[in-house]
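What follows is a set of notes on a single structure, which appears directly below.
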Amino acid sequence: MEARIAQSASKRHTMTEDHRSSEAEGILERAAAGERISEEECLALFGFNDLPRLGAVAHRIRLRKAPPEIVTYVVDRNINYTNICISGCAFCAFYREPGSPEGYVLSPEEVLAKVAEAVEAGATQILMQGGLHPTFGLEEMERTLSAVKERFPVHLHSLSPPEVVHLARISGLGWEEVLLRLRKAGLDSLPGGGAEILCAEVREEVSPRKATADEWVGVMRAAHRLGMSTTATMMFGHVETSAQRMEHLSLLRRLQDETGGFRAFIPWTYQSENTRLGGSPVGGHEYLKTLAISRLFLDNFDNLQASWVTQGLAMAQVALFFGANDLGGTMMEENVVSAAGASFRASEEEVRRAIKGAGFRPVKRNTLYEYPDA
């Protein structure tokens, strides 16, 4: 009797798996043909475990959305102007509380010295971000941005939406006015940092004092309305479910439908060392699956970036066949992710060699994904 019950259960499981595979195949065929997949279909793909098949379709779409023979990158530097932060996110190993002896704030002169090193090395982009400092306000930020722009012809792709929300709070101004003043001081575009998972339940658990999902979206909408293009990110692999990843992707797709202001999407994996949240990072299988599904679902994004900073260059090469068409920045300096255990570093030559090794032609771009000299 027990044997018959086990056999029956195994048969039902096989039928369920067959049905799931058949459903996923139908979704993949429609996506490959250029049809938009629904939220429910996106969620169904998270339950589909044929990773090579997901990758093949994602790569097919990538070849349509971006020049098929090239992979782009940008020479940049990530400057963290302060590690003092009142947010206290459970996943962050970088921040220090106000009053900590390990806390710091870079002066404009120190920022200029770092930018000078970057420009000397060929950087065209500066990614400047920091903690939510209780007293480093809008005027201080304006002085720093202006000092950089007066000295160097670089694109300031800086300040995440939570930083804009924070500057608005301590200045008593609205997001749009803050953005206008920052743009006048030299800010060119916003990176997508601080998104993590754009879901209220997740943010309540991992970053309750940070900008809400609605605030993150609101700042991006305001930036797009002002003509400032931005990027979008997703940090995954901590406490969120597949449904919450889908919710995040759906918010991005809807805003891109509305504004068209996102240049690129960058999904990257949570790093757990030295954090209060703890746990273990997800592996390459989950990273590649999420990247591929992102390419399938975000049909209104042209550029998807491989996260070599969290995955390493070898996995980034594989990611170029799972929907990614860009390797992001060379990042002369990186402090936030490395504080949580990621230790990958790469020079421009190493990035170019990785792209060539994957069978593509490396092309240096600017922040706006322009490469007129290619």
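The values are calculated or read from the model by the stated rules, or taken from the named source; none is laboratory data. Just so we're clear, the structure is a prediction, and the values are computed from it rather than from any experiment. All Cβ positions, glycine included, derive from the backbone under ideal geometry; neighbour counts span all protein chains shown.
Based on this model, can you work out whether Tyr270 counts as farther than 20 Å from Cys42 by Cα and either crowded, with 22+ Cβ neighbours inside 10 Å or outside the structural domain of Glu177 (by TED's automatic domain parsing) (or both)? Here the answer is yes, as Tyr270 does meet what is asked. Taken together, Ile86, Ile79, Ile61 contain a single residue that is of a type in the set (Val, Ile, Thr), part of a strand (DSSP E or B) and either surrounded by 14 or more Cβ atoms within 10 Å (Cβ to Cβ) or in contact with a Phe, Trp or Tyr (Cβ under 9 Å, 6 or more places away or on another chain) (or both), which is Ile79.
With Val105, Val115 as the choices, which residue is under 29 Å from Trp175 (Cα atoms), of a type in the set (Val, Ile, Thr) and either in contact with a Lys or Arg (Cβ under 9 Å, 6 or more places away or on another chain) or not assigned by TED's automatic domain parsing to the domain that holds Glu240 (or both)? Lay out the reasoning, then the answer.
Values: Val105 fails: either in contact with a Lys or Arg (Cβ under 9 Å, 6 or more places away or on another chain) or not assigned by TED's automatic domain parsing to the domain that holds Glu240 (or both).
Only one candidate qualifies: Val115.
For the range 34-58, what are the residues that are aliphatic (A, V, I, L, M) and in a helix (DSSP H, G or I)? First the steps, then the outcome.
Just the residues of the range 34-58 that are aliphatic (A, V, I, L, M), to begin with: 37, 43-45, 51, 54, 56-58.
Once the filter is applied, which keeps residues that are aliphatic (A, V, I, L, M) and in a helix (DSSP H, G or I), the range 34-58 yields Leu43, Ala44, Leu45, Leu51, Leu54, Ala56, Val57, Ala58.
For the range 307-323, a tally of residues being within 13 Å of the chain's Cα centre (by Cα) and under 15 Å from Ala232 (Cβ atoms) returns 1. Given the condition surrounded by fewer than 18 Cβ atoms within 10 Å (Cβ to Cβ), at pLDDT 95 or above and polar (S, T, N, Q), answer yes or no: does some residue in the range 200-218 qualify? The answer is yes; a qualifying residue exists.
Across the range 89-115, the number of residues qualifying as assigned to a helix (DSSP H, G or I) and among the β-branched types (Val, Ile, Thr) comes to 2. Looking at Thr124, Thr135, Thr144, Thr82, just one residue is under 30 Å from Leu320 (Cα atoms) and β-branched (Val, Ile, Thr), and that residue is Thr124. The single residue among Phe46, Phe91 that is farther than 25 Å from Leu179 by Cβ and surrounded by fewer than 19 Cβ atoms within 10 Å (Cβ to Cβ) turns out to be Phe46.
Would you mind stating whether Glu142 is assigned by TED's automatic domain parsing to the domain that holds Gln256 and either surrounded by fewer than 19 Cβ atoms within 10 Å (Cβ to Cβ) or of a type in the set (A, V, I, L, M, F, W, C) (or both)?
In short, yes.
Scanning the range 273-294 for residues being polar (S, T, N, Q), surrounded by fewer than 22 Cβ atoms within 10 Å (Cβ to Cβ) and modelled with pLDDT of 95 or more gives a total of 0. Residues in the range 238-252 that are surrounded by fewer than 22 Cβ atoms within 10 Å (Cβ to Cβ), over 21 Å from Ser38 (Cα atoms) and either in contact with a His (Cβ under 6 Å, 6 or more places away or on another chain) or not hydrophobic (A, V, I, L, M, F, W, C) (or both): 0 in all.
All but one of (1) touching a Leu at 6+ places or on another chain (Cβ under 8 Å); (2) closer than 26 Å to Leu182 by Cα hold for Asp214; which doesn't? Single failed check for Asp214: (1).
Being at pLDDT 95 or above and in a helix (DSSP H, G or I) is the requirement here; does Thr144 meet it? Here the answer is yes, as Thr144 does meet what is asked. When His155 is tested against (1) modelled with pLDDT of 95 or more; (2) under 22 Å from Phe94 (Cα atoms); (3) under 23 Å from the mean Cα position of the chain (by Cα), exactly one condition is not met: (2). Among the residues of the range 318-334, those identified as closer than 15 Å to Ile266 by Cα and either assigned to a helix (DSSP H, G or I) or in contact with an Asp or Glu (Cβ under 6 Å, 6 or more places away or on another chain) (or both) are Ala319, Gly329, Thr330. Take the conditions (1) assigned to a helix (DSSP H, G or I); (2) assigned by TED's automatic domain parsing to the domain that holds Trp308; (3) crowded, with 16+ Cβ neighbours inside 10 Å; Ala31 misses just one of them, which is (2).
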